[in-house]
1. Restricting to region 165-178, name every residue that is surrounded by fewer than 23 Cβ atoms within 10 Å (Cβ to Cβ) and either part of a helix (DSSP H, G or I) or small (Gly, Ala, Ser) (or both).
2. Please state which of the following conditions Ser96 fails to meet, knowing it meets all the rest: (1) polar (S, T, N, Q); (2) open to solvent by less than 50 Å² (accessible area, probe 1.4 Å); (3) farther than 26 Å from Ile197 by Cα.
3. Could you say which residue among Ala143, Ala213, Ala204 is at pLDDT 95 or above, in a helix (DSSP H, G or I) and within 23 Å of His46 (Cβ to Cβ)?
4. Only one of (1) touching a helix residue (DSSP H, G or I) at 6+ places or on another chain (Cβ under 9 Å); (2) surrounded by fewer than 18 Cβ atoms within 10 Å (Cβ to Cβ) is not met by Leu103, so which one is it?
5. May I ask you to list the residues in region 108-129 that are more than 19 Å from Ser96 (Cβ to Cβ) and surrounded by 17 or more Cβ atoms within 10 Å (Cβ to Cβ)?
6. Being touching a His at 6+ places or on another chain (Cβ under 7 Å) and either modelled with pLDDT of 95 or more or surrounded by fewer than 19 Cβ atoms within 10 Å (Cβ to Cβ) (or both): is that true of Glu17 here?
7. Of the numbered conditions (1) part of a loop (DSSP other than H, G, I, E, B); (2) under 18 Å from Ala72 (Cβ atoms); (3) open to solvent by less than 30 Å² (accessible area, probe 1.4 Å), Ala149 fails exactly one; give the number of that condition.
8. Condition check: under 14 Å from the mean Cα position of the chain (by Cα) and either modelled with pLDDT of 95 or more or hydroxyl-bearing (Ser, Thr, Tyr) (or both). Does Trp179 satisfy that?
Amino acid sequence: MVTGLAANRIDRPGTGEQAWRSWPGLRLLAQADPAAWPSVAVVAAHPDDEVLGVGGTMAMLAAAGARLRLIAVTDGEASHPGANPAAIARTRVQESAAALQVLGVPDIEVNRLRLPDAGLAAHEDELAARLSEQCAGFSICLAPWDADAHADHEATGRAARRAARELHQDVFTYPIWMWHWAKPADPRVPWHQACQIALSPAVATRKRAAIGAFISQLTSREHAEGPVLPAGIIAHFTRRLEVLLP
């Protein structure tokens, strides 16, 4: 885990996607081949994390016939403060299901843990125990990065690492907010251990369409300055590659 990062860094002006796309280091990351993974458990702190972070990888795994399980830790009910949490949760679960269909992973197993959104740090021990059960029997675990500058992502990443150690399982983490607060060649990121998964044009297009299913996150919220996921953030996830960190 990376430490020493400033607080509230996802609320500050971030690094634009053009800076990342023009950085040669991104394209020089080691290549990973998900076709070699027979079974993968994907852990998502919130509905949409899995598609943003590894949607293309999931589509490639499904096409290769891998067994896939999505472990949805929360239903994302805290994304719209002031709104009815139950209604938001229903909306986000429906959006997630629609996104998975668009992505082309209709046979994925989906298990929802329904732990409290925006409160996972207080449930980290419980989450680690439940992930040990949910990830058992899978060769690879993909989970949010545990230095991602979002408390729920970080707690989920830590819990996934604990579960993977118990299961003697390989774990890779995917960044979401890192692209916002970090900069190319940022020394706080373990680039020397990172790898990339190249996406074909067809897979990248499918992922872009799947992201579009999360309407509640892409449109402006009442009593808020803008959407949960503004266009500048979404731009980070429409590249022809996805990045995994150790």
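The values are calculated or read from the model by the stated rules, or taken from the named source; none is laboratory data. Quick caveat, the model's predicted, so the values are computed rather than measured. Methodologically, a virtual Cβ is constructed for each residue, glycine included, from the backbone with ideal geometry; neighbour enumeration extends over all protein chains shown. Areas reflect the complete protein model, heavy atoms only, side chains present, ligands, DNA and RNA absent. Shrake-Rupley method; radii C 1.70, N 1.55, O 1.52, S 1.80 Å.
1. Scanning region 165-178 gives Arg165, Glu166, Leu167.
2. (3)
3. Working: Ala143 fails: in a helix (DSSP H, G or I); Ala213 fails: in a helix (DSSP H, G or I).
When all the criteria are applied, what remains is Ala204.
4. Every listed condition holds for Leu103 apart from (2).
5. Our first condition is that a residue be more than 19 Å from Ser96 (Cβ to Cβ); within region 108-129, this holds for 119, 121-126, 128-129.
The answer is His123, Ala128.
6. When the stated conditions are applied, Glu17 passes them.
7. Single failed check for Ala149: (2).
8. On the way: under 14 Å from the mean Cα position of the chain (by Cα): yes; either modelled with pLDDT of 95 or more or hydroxyl-bearing (Ser, Thr, Tyr) (or both): yes.
Spelling it out, Trp179 is indeed under 14 Å from the mean Cα position of the chain (by Cα) and either modelled with pLDDT of 95 or more or hydroxyl-bearing (Ser, Thr, Tyr) (or both).
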